[in-house]
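The next block holds one structure in the form of structure tokens; read it before the comments.
Every number in this text was worked out from the coordinates using simple rules, so none of it is lab data. This structure is a prediction, so every number in the text was calculated from the model and none was measured. Cβ atoms come from the backbone with ideal geometry, glycine included; neighbour counts cover every protein chain shown.
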Amino acid sequence: MTLTSEIVSRVLRGRTVSFTDNPRLVGVTDAVTTHDDGAVILSDDGHILWHGDFADRPERYADAPIENFGDRIILPGLIDAHVHFPQHRMIAAPAKDLLEWLDRFAFHEEALYASRDHAEEAAESFLDRLITHGTTSALAFSSVHGQAADCLFRAAERRGLCLVTGKTMMDRNAPENVLDTAETGARDSAELIARWHGVERLRYAITVRFAVTSSEAQLRAAGELYADNPSCLMHTHLSESAGEIAFVKQLFPWSKDYTDVYERFGLLGGTAVFAHGIHLSERECQALHEAGSMVVHCPTSNNFLGSGLFDIDHLGAAKRPVNIGVATDVAGGTSYSMLQTLAEAYKVAMLGGRSFNAFDGFYLATLGNARGLGLASEIGTLDPGAWADIVVLDPTATPVLAARDELSETLEDVLFALMMLGDDRAVEATYIRGERVYGSGISQAAS
Ligand code: GUN
Ligand code: ZN
């Protein structure tokens with residue numbers, strides 16, 4: 001991490017929480033850095049200069065303006081590791097399962113993104129939704145149309161966001177107006193990589209919708225593109241629903257399993273991100289572990305579409321842990337809120353007889369996702385040198401939260417109540433690159 005400025009712009013004072021590692025692996029004490037009366041000191045170019053006890057802040061920062069959040073929780077901005085930009089309006093569309101939902105709703109809605117005007121307007125609404133929910137970075141699917149991804153990149157660049165997206169590659173098993181070809185899909189993706197990957201805080205993800213909607217020629221082209229651009233991410237869906245898995249078996253009869261399809265075409269890798277991964281076999285977990293890929297738990301979507309229960313212990317098994325992330329998967333998912341997403345992850349764990357505590361949840365939504373996206377030196381932490389993308393959560397934001405907060409004794413209690421009962425109403429402020437982009441009502445201007 002390189003700092004570009006030592007000039008302080010402001011101090012955020014409050015109850016700070018940041019992770020240095022995965023609490024499931026190293027234990028809470030070694031994984032969490034927290035200060036009851038903490039300070040995060042921001043530089044004028046949007047980085048974090050210092051994080052620690054307010055009382056211990058270095059003398060050289062003593063005159064900086066202070067935004068005092070009292071007992072509010074100051075966290076690294078939340079990260080959504082899998083969300084669909086062109087589905088953001090069609091949230092809560094019921095269907096019997098994933099494949100019917102795609103046919104009835106998703107493909108039709110995404111077809112509208114052939115219009116640049118539509119995509120431009122939608123990009124602003126989509127980014128507004130993220131920010132008001134305390135989400136400061138995302139790995140987002142776009143539509144098949146190159147210009148829709150271009151609009152989203154442009155909008156994110158204007159806002160100074162760290163965002164990863166890509167044009168969706170899909171050349172079969174969907175309506176004509178949302179299909180490309182193996183050739184145009186690869187060409188348009190390559191053009192977007194050249195235009196956007198590494199510009200400001202933006203990254204490109206080579207985006208294959210899922211094995212169902214790509215021919216072997218397209219999967220091969222995507223694998224070649226990934227090999228040629230190893231610093232890009234690769235983003236797709238994997239092993240989400242029973243109907244999808246059966247369809248993949250039919251389309252790729254030679255494959256050992258679903259993961260094998262992606263493997264054969266060179267789509268597994270350390271920067272590859274697979275959404276869902278609910279029904280993975282031991283062999284598939286081993287392959288994903290060896291590749292260092294991330295599998296993203298999307299609990300509100302899995303529950304809404306009846307896809308199944310993600311097994312966090314199976315994926316994370318100590319002998320061959322697969323990197324796990326967490327995401328909304330809007331619009332299969334039913335909430336933009338990463339807090340609501342964690343609440344659903346908790347319930348899914350309970351249904352499967354697994355544990356999932358508040359530290360597990362907030363780790364995944366910050367550093368865990370940042371690591372899986374290869375961005376942990378930049379986001380997901382309050383460590384000095386990281387970008388000052390920050391969310392402030394109010395544990396008393398609603399009457400229900402406020403009543404529950406009266407019973408909270410420990411930090412874990414407070415975080416647990418926030419994850420179970422919180423949503424966008426609990427977001428007091430969102431900062432991007434050190435600038436407050438959402439929220440008002442600072443409790444005291446300075447103290
Ligand atoms: N699999 C392929 N496309 C999609 C999609 O848009 N949403 C979800 N949840 N799964 C998919
Ligand atoms: Zn998805």
Quiz item: With Cβ to Cβ distances under 13 Å as the rule, what net charge do the other residues near LYS319 carry (K, R +1; D, E -1)?
Solution: -2
Exercise. Take a quick pass over the chain and tell me how many lysine pairs come in under 27 angstrom between Cα atoms, counting only ones 8 or more apart or on separate chains.
Key: 5
Exercise. Please order HIS145, HIS276, HIS314 by the number of other Cβ within 10 Å, starting at the fewest.
Key: HIS314, HIS145, HIS276
Practice problem: Would you mind counting up the charge near TYR113? Only other residues with Cβ under 12 Å from its Cβ, with Lys and Arg at +1 and Asp and Glu at -1. | Solution: -3
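What is the order of TRP254, TRP101, TRP50, TRP387, fewest Cβ neighbours within 10 Å to most?
Values: TRP254 8, TRP101 22, TRP50 19, TRP387 29.
Listed from fewest to most nearby Cβ atoms, that is TRP254, TRP50, TRP101, TRP387.
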Quiz item: Relative to the compact globular guide of 2.2 N^0.38 Å, what is the alpha carbon radius of gyration of the chain, as a ratio?
Solution: 0.94
Quiz prompt | Fully extended contour minus Cα-Cα distance, from LEU309 to ASP44, at 0.36 nm per residue | solution = 90.9 nm
Quiz item: Exposure proxy check: SER239, SER215, SER43, SER440 ranked by fewest other beta carbons within 10 Å?
Solution: SER440, SER215, SER43, SER239
Quiz item: If we count every other residue with Cβ under 10 angstrom of GLY277's Cβ, Lys/Arg +1 and Asp/Glu -1, where does the sum land?
Solution: -3
Self-check item: Over region 201-359, relative contact order from alpha-carbon pairs under 8 Å, at least 6 apart, %
Solution: 18
